Amino acid sequence: MSDEYLPPDDPLVIVHQDHELLLVDKPAGLLSVPGKGEHLADCLIARIQAVFPDALLVHRLDRDTSGIMVFAMTPHAQRHLGLQFEKRQVKKVYVARVWGHVPEREGIVDLPLIVDWPNRPKQHVDFENGKPAITNWKVLKYEDDATRMRLFPQTGRSHQLRVHMKEIGHSILGDPFYAEGEARNAPRLMLHAESLRVRHPDGGKGLTFKAKCPF
């Protein structure tokens, strides 16, 4: 991650909107929420609230991750969705391109994570003090020196997918925190939130929303 923040000026991509929900496709390179300081004020929630003043934050994606995000249009929807995330009822699917060829076709990473204080916002594995973090994964296809995968996080820890892929020896391409050597040479972090399944706050119907992978 460079020290300079140059967010993309892509127009908002609205995936779905109704009286309770707003789903958008976040571009890579844009903060979900404002950072510390005026130079980090431009972010997805600010851009959304300029158009939808009632929109409320529910969850976040890392700055360099693209993909589907849900916002609430009412306080009721914010509470309803917040509980779904808290209780791990939200089903999230990501697409990633990782370094090297992953030998198995599918698997699970179960490694507890905690913030690496001297190097924050980096996270690291800590079996004594870390919080549970579980990721299921499946290989989609092999590329020249990479593997395209689907990742299914069962928990929502900060940087979870990025650390878990690094720990199995296959860092996500373009990851400025965890990839090393040639694996860092991608034009962006190759991680995209492809789909999100939630229950609608009005009636509880299960709905899946998708954002096409841009890489």
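The values are calculated or read from the model by the stated rules, or taken from the named source; none is laboratory data. A quick note: this is a predicted structure, and the numbers were derived from the prediction, not measured. Cβ sites come from the backbone with ideal geometry, for glycine too, and all protein chains shown count toward neighbours. Calculation scope for accessible area: heavy atoms of the full protein, side chains included, ligands and nucleic acids excluded. Shrake-Rupley method; radii C 1.70, N 1.55, O 1.52, S 1.80 Å.
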ask   = What are the residues in segment 152-167 that are among the polar types (S, T, N, Q) and open to solvent by 10 Å² or more (accessible area, probe 1.4 Å), if any?
value = GLN154, SER158
ask   = In segment 85-107, which residues are of a type outside the set (A, V, I, L, M, F, W, C) and assigned to a strand (DSSP E or B)?
value = LYS91, LYS92, TYR94, ARG97, GLU106, GLY107
ask   = Is there a residue in segment 26-46 that is more than 29 Å from LYS122 (Cα to Cα), open to solvent by 30 Å² or more (accessible area, probe 1.4 Å) and either part of a strand (DSSP E or B) or not β-branched (Val, Ile, Thr) (or both)?
value = no
query = Among the residues of segment 108-118, which ones are open to solvent by less than 80 Å² (accessible area, probe 1.4 Å) and either part of a helix (DSSP H, G or I) or at pLDDT below 95 (or both)?
reply = none
ask   = Could you say which residue among GLY37, GLY82 is without any contact (Cβ under 8 Å) to a residue 40 or more places away in the chain, out of contact with any Lys or Arg (no Cβ under 7 Å at 6 or more places or on another chain) and either on the phi > 0 side of the Ramachandran plot or hydroxyl-bearing (Ser, Thr, Tyr) (or both)?
value = GLY37
